Amino acid sequence: MSTQTGNGLGRVTIPSILKKKSRGEKIVMLTAYDYQTARILDDSAVDIILVGDSLGNVIMGYENTIPVTVEESLHYTKAVARAVKRLPVITDMPFLSYQVSHDEALQNAGKFLKEGGAIGVKVEGASPFRIETIKRLVDAGIPVMGHLGLTPQSVYKLGGFRTQARKPFAAVDVVRKSVELEAAGVFSIVLENIPSEVAKEATAAVEIATIGIGAGPDCDGQVLVINDILGFSGDFIPPFVKRYAEMGEVIKDAVSRFSDDVRSVAFPAEEHTTKMSDENREKFYEILSKEKKR
Ligand code: KIV
C-alpha cells in the first residue's frame, strides 16, 4: 500500500515498483542531478529518480562517464535526496567504484545510502565478478538496479555509443544475463540501446522490472536523461530521445530579454527596488552633505 504525501501522490518503494510490473503499469524513471529539478520531479508523476553518471556528460562537460568519481556522484546525490520526500533515489556507481573488489563496491555503495541519501545503486554489466558483487550488495540490504546492452562505462571496449545485441548470439546473451541478474537479486534492469525484440524477450524472461532507453516499447518502463527531454543538452541528440521542451531556447530568450532590460535600464524597475523611509533619507542626505563639506 502506498503512503500519500502532501501532493496527493503516493510514496514509491521497491515493492511498489515490482507490483507495477505485475499490474502491467509502466514505470517512469528520469535522471536528476540537482535540488530544484528533484523537487519538481518529486511533485510529478515520475516513479524513480536516477542520479545517473550521465552527470559526467550533461553536468560536468566530460566526454563520457569514465572520469566521474564517487565524490562527484555523492555531491549530486545529496542535493537530489534533500529535495525528495516521495520517490526512490537510485545512484549510478561510477566507473571503478565497484569493479576493483567486492569489499570496495560495498563500501562505496554504502556511501551513496549512508551519506548520499539514495535508497539504491545501479551497476553496469553481468560478468561473474559483477554477479558476485551484486549478491554482496543485495545481501547487505542494498537495492540494486542492473544495466545491460550499451553500458556507457565500457565505451572504449565497445568502440563507441553503438546499438548492442544486434546479432543473434549477443541478443540471446542479453536475455540470459537478465535472468542471471534477476537471480543475483537486482530489483530492476536498465536495457540500453538494444533492438526492441531483444528487450521484449528479456522483459518476458524476468519477473523484475526492465526499464528501457532506446530499447523499444515492450520494457516495463522507460528512462531518459532529463536534460535531453527538456532540450537542455548538447547538439548531439541520440535517436531514441524525444524532446518535450526546448529549454535551451527558453533560456536564451530569457537571457537576451534580461540583457536588453539591463542595458535600457528597464530593469530594475520600481517593484524590484528598495527605498529608504522619508525620515531616514532626509537624515542620510544631511549627514552626507556634512561629510562632503569636511
Ligand atoms: O547515467 C545515466 O543517466 C543512465 C541512464 C541513461 C539509464 O545510466
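The values are calculated or read from the model by the stated rules, or taken from the named source; none is laboratory data. Everything numeric in this text was worked out from a predicted model, so none of it was measured. When we count neighbours, we look across all protein chains shown, and the Cβ atoms used for this are built from the backbone with ideal geometry, even at glycine. Heads up: the accessible areas ignore ligands, DNA and RNA and are worked out on the full protein's heavy atoms, side chains in. Shrake-Rupley method; radii C 1.70, N 1.55, O 1.52, S 1.80 Å.
Where residues in the range 209-231 are closer than 18 Å to Gly24 by Cα and more than 16 Å from the ligand (Cβ to nearest atom), which of them is most open to solvent (accessible area, probe 1.4 Å)?
Taking the candidates together, the pick is Pro217.
Each residue in the range 172-185 was checked for being of a type outside the set (Ser, Thr, Tyr) and open to solvent by less than 20 Å² (accessible area, probe 1.4 Å), and 3 of them qualify.
Of all residues in the range 246-294, which are hydroxyl-bearing (Ser, Thr, Tyr) and more than 30 Å from Ser233 (Cα to Cα)? Listed by number, the residues that qualify are Ser264, Thr273, Thr274, Ser277, Tyr285, Ser289.
Take Gly234 and decide whether it is outside any helix (DSSP H, G or I), in the same structural domain as Ser188 (by TED's automatic domain parsing) and small (Gly, Ala, Ser). No: the conditions fail for Gly234. In the range 186-202, of all residues being within 16 Å of the ligand (Cβ to nearest atom) and not in a loop (DSSP other than H, G, I, E, B), the one that is surrounded by the fewest Cβ atoms within 10 Å (Cβ to Cβ) corresponds to Glu192. Taking the residues in the range 54-89 that are within 13 Å of the chain's Cα centre (by Cα), open to solvent by 20 Å² or more (accessible area, probe 1.4 Å) and polar (S, T, N, Q) as candidates, determine which candidate is nearest to the ligand (Cβ to nearest atom). So, considering only residues that are within 13 Å of the chain's Cα centre (by Cα), open to solvent by 20 Å² or more (accessible area, probe 1.4 Å) and polar (S, T, N, Q), the one nearest to the ligand (Cβ to nearest atom) is Ser54. Put simply, of Leu18, Leu9 the only residue that is open to solvent by 10 Å² or more (accessible area, probe 1.4 Å), assigned by TED's automatic domain parsing to the domain that holds Gly110 and either in contact with a helix residue (DSSP H, G or I) (Cβ under 7 Å, 6 or more places away or on another chain) or at pLDDT below 95 (or both) is Leu18. The lone criterion from (1) under 19 Å from Glu182 (Cα atoms); (2) part of a loop (DSSP other than H, G, I, E, B); (3) touching a Phe, Trp or Tyr at 6+ places or on another chain (Cβ under 6 Å) left unmet by Ile66 is number (1).
Candidates Val241, Val225, Val250, Val262: the one that is closer than 23 Å to Asn57 by Cβ and either over 19 Å from the mean Cα position of the chain (by Cα) or of a type in the set (D, E, K, R) (or both) is Val250.
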